[in-house]
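Worksheet: the structure to be examined is printed underneath.
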Amino acid sequence: MMTASNHSTIPELFVSPAEAAKLKIEAGHMPSWDLTARQVCDLELLMNGGFNPLKGFLSEADYNGVVENMRLTDGSLWPMPITLDVSEKFAETVAPGTRIALRDAEGVILAVMTVTDKWVPNKANEAAKVFGAGADDLAHPAINYLHNVAGPVYLGGPVQGLAAPMHYDFKSRRDTPNELRAYFKKVNWVKVVAFQTRNPLHRAHQELTFRAAREAEANLLIHPVVGMTKPGDVDHFTRVRCYEAVIDKYPASTTTMSLLNLAMRMAGPREAVWHGLIRRNHGVTHFIVGRDHAGPGKNSQGKDFYGPYDAQDLFKQYESEIGVKMVDFKHMVYVQERDQYYPANEVPEGCTVLDISGTELRRRLREGLEIPAWFSFPEVVAQLRKTSPARDKQGFTVFFTGLSGSGKSTIANALMVKLMEMGGRPVTLLDGDVVRKHLSSELGFSKEHRDINIRRIGYVASEITKNGGIAICAPIAPYTATRRAVREMIEAYGAFIEVHVATSVEECERRDRKGLYKLAREGKIKEFTGISDPYEAPTRAELVIDTEGTDVDSCAHQVILKLESMGLIKA
Ligand code: PPS
């Protein structure tokens, strides 16, 4: 189904301002569903026409059609289930005919949905049909989402839009489908080729998009996704700053950029078709599809989920129905002798091809190594360096664990002073006793309370690490699982160095610097670690320190050497 022109408008689901004001009052009495981050993205594109012809979250019949053969019940092509997944508890409060208020994270009512359908989906079937081979492989982000994040019940029904979700960032770079169509009309762009991306643009991308536009004799729309992409991707704030640097490299009157608040599913072939339909709605006439378009990465066996040309093949098959022409994504490579980019299959004979893989780029960023100008624009590299500083400029956490009286606090203090002497990063010490005074004063020493205490320390340390500081923690932290949870929290932002201060309980008791072991033996202190409460010694600590016969200064120096060997500090 081809739209008349890319300059006409497409239907939106917003009601008039007067109707919205009325509905908002009525919505105060309706059951309220707090939308997940992904549902907010989906709702925005439903309401603004990005998901045209959908009129709301899919009904059960439409869902079955989409899952089984990529079609709605009216026959229209639609490859991706757009469903409102909810909890069982919420589902019990609604029945067909119920109107529900859909709210964002701040509680703002964005839309009202009239529920027509409520059902428990067969998620295994959805995974197999929509995401293909390896349907139970949780390495696929969308399969993991489906099984572990999405609610067990789906609700379907038409949506009445009250307000678009609020965005505070890059406002002037965000456009609804109709805003983009109006822009194309204003500048008289009849042919527009769109480039979809979730990665920073380097020179190869700039060359390929420029070439694609020239070959299609079309103008170029850089249309990056800023909703939800693959976990672990460069954050959209950094990427948009990178795109803004690259956009100036194109001839000004031929290229524009707009941000798309889409929640990707990484569904390869089906996703490519979906992206095509979304672009058609945005007034685009051509779309660049590459090998492994929207690929989810490797499966748990280290193999690709989809074949290299699956996305292009499926797109080609439905091209006329999508209403957008596919433009082949040429793999561009740098040819050293010519100081120029060429499509990989057109490299002049005998010439040297240079390339830097994604993994190599990340390594160079991490280690502060050179990234050549033939690979990326200096402005882009500068932006990436700001968010991925070299290891010796990143935040990290040193997490001491060990029995009471093992020497954790003393070594932690010495380490703090040594790091402060070196300078460069702010250092915070979260000592067990100090934390219990300020952060966890209401907690005791039951397993539950100890876990809460450690998670609080982990949270504070993760914030410090995120912001480029050094956190030194020194609690007993007796439980392996809790220490692992803290490790995960921190490793999202920087290094986590677990240091086991392995002083034996006999030695700690012999020293008994606070007189607590004596009280514990007498039964005057209950649940005392090592005496009447467990201590699970770490098995994979980065460093084990034996304090018996070693002075404090040497112990702290061992940590410094470890940090140096990890590249976190420079000698
Ligand atoms: S935990 O398990 O990590 O939450 O413990 P932590 O926050 O590090 O607190 C340990 C300090 O509290 C004192 N104390 C006890 N420790 C262990 N068990 C019991 N029952 C207990 N009661 C009080 C003790 O002084 C610990 O300090 P450190 O510095 O470890 O000697």
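List of remarks:
- Average Cα contact separation per residue, segment 171-334, under 8 Å, 6 or more apart, as relative contact order %: 27
- Helix 447-466 and the long axis of the chain differ in direction by around 60°, with both axes built from C-alpha atoms.
- Short-range pairs are left out: with C-alpha atoms under 8 Å and at least six residues apart, the relative contact order of segment 1-118 is 28 percent.
- Degrees, to the nearest 10: 268-281 long Cα axis against longest axis of the chain: 60
- Gyration tensor (alpha-carbon) shape descriptor, the chain, a/c threshold 1.5: oblate
- C-alpha long axis of helix 552-565 to longest principal axis of the chain, angle in °: 20
- Label point distance in nm, residue 505-residue 561, each placed 7 Å from Cα along Cα→Cβ: 3.1
- For the set 437/514; 230/316; 55/89; 386/466, the pairs lying more than 19 angstrom apart at their alpha carbons are 230/316; 55/89.
- Within the accessible area of segment 359-463 (1.4 Å probe), percent carbon and sulfur: 56
- Computed [θ] at 222 nm, helices only, for the chain once each DSSP H run of length n ≥ 4 contributes -39500 (n - 2.57): -11000 deg cm²/dmol
- The Cα atoms of segment 101-171 give a gyration tensor whose axes a ≥ b ≥ c have a/c of 1.5 or more with a/b no greater than b/c, which makes the shape oblate.
- Gain in span if fully extended, residue 480 to residue 106, counting 0.36 nm per residue against the direct Cα distance: 131.1 nm
- Segment residue 437-residue 532, length gained on full extension (0.36 nm per residue, minus Cα span): 31.9 nm
- Relative contact order of the chain: 12 percent, from C-alpha pairs under 8 Å at least 6 residues apart in sequence.
The values are calculated or read from the model by the stated rules, or taken from the named source; none is laboratory data. Just so it is clear, the model here is predicted, and its values are computed rather than measured. When we count neighbours, we look across all protein chains shown, and the Cβ atoms used for this are built from the backbone with ideal geometry, even at glycine. These area figures cover heavy atoms from the full protein model, side chains too; ligands, DNA and RNA do not enter into them. Shrake-Rupley method; radii C 1.70, N 1.55, O 1.52, S 1.80 Å.
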